[in-house]
Amino acid sequence: MNLAAALAAVFTAGFYTRQDLQGAVCTFVSEMKDGGETGESVVKAAQGLVTEVGTRFPASERTQMLLADMVTWCLAEYYRETA
């Protein structure tokens with residue numbers, strides 16, 4: 001499941017499995033990093049997806065919390081050391 005689809009499911013259903021969403025974020029970050037993107041551009045792209053998908057649904061505090069979680073996940077995944 002790509003990140004845009006995962007976000008749409010979160011906003012549509014009103015609930016989500018944190019692990020599934022975090023997995024989608026990590027896949028998104030890995031693909032962008034492999035493509036040569038910087039950490040900053042990855043975070044901005046993820047924020048853009050949240051904004052884009054979120055415009056179809058009412059604004060809420062939950063959206064802001066989700067965005068904060070995703071930024072944290074993006075940075076953690078981008079800078080995670082690979083063994």
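Other residues within the sphere of radius under 13 Å centred on the Cβ of Val29, judged by their own Cβ, net out at -2 (K and R +1, D and E -1).
Put Lys44, Lys33 in order of accessible area, highest first, and with a 1.4 Å probe you get Lys44, Lys33. Within the shell defined by Cβ-Cβ distances under 15 Å, the residues around Ala45 carry a net charge of -4, with Lys and Arg each +1 and Asp and Glu each -1.
Please report the net charge: other residues with Cβ closer than 13 Å to the Cβ of Glu77, K and R +1, D and E -1.
Value of the local net charge: -3.
Helix content alone sets the calculated 222 nm mean residue ellipticity of the chain: runs of n ≥ 4 DSSP H residues at -39500 (n - 2.57) each, divided across all residues, give -24500 deg cm²/dmol. Couplings for region 23-33, taken from phi via the Karplus curve 6.51 cos²θ - 1.76 cosθ + 1.60 with θ = phi - 60°, read x, 5, 5, 5, 5, 4, 5, 4, 5, 5, 5 Hz in order; Gly and Pro are left as x.
Label region 1-44 by shape, choosing from rounded, prolate and oblate, from the square roots a ≥ b ≥ c of the eigenvalues of the Cα gyration tensor; if a/c is under 1.5 it is rounded, and otherwise prolate applies when a/b is larger than b/c, oblate when it is not.
prolate
Please report the base-10 log of the normalised intensity I(q)/I(0) for the chain, using a Debye sum with one equal scatterer per alpha carbon and no solvent, at each q in 0.13, 0.15, 0.16, 0.24 (1/Å). Once normalised to I(0) and log-transformed, intensities are -0.37, -0.48, -0.55, -1.19.
The values are calculated or read from the model by the stated rules, or taken from the named source; none is laboratory data. This structure is a prediction, so every number in the text was calculated from the model and none was measured. Cβ: placed from backbone, ideal geometry, glycine included. Neighbour counts: every protein chain shown. With ligands, DNA and RNA removed, areas are computed over all heavy atoms of the protein, side chains included. Shrake-Rupley method; radii C 1.70, N 1.55, O 1.52, S 1.80 Å.
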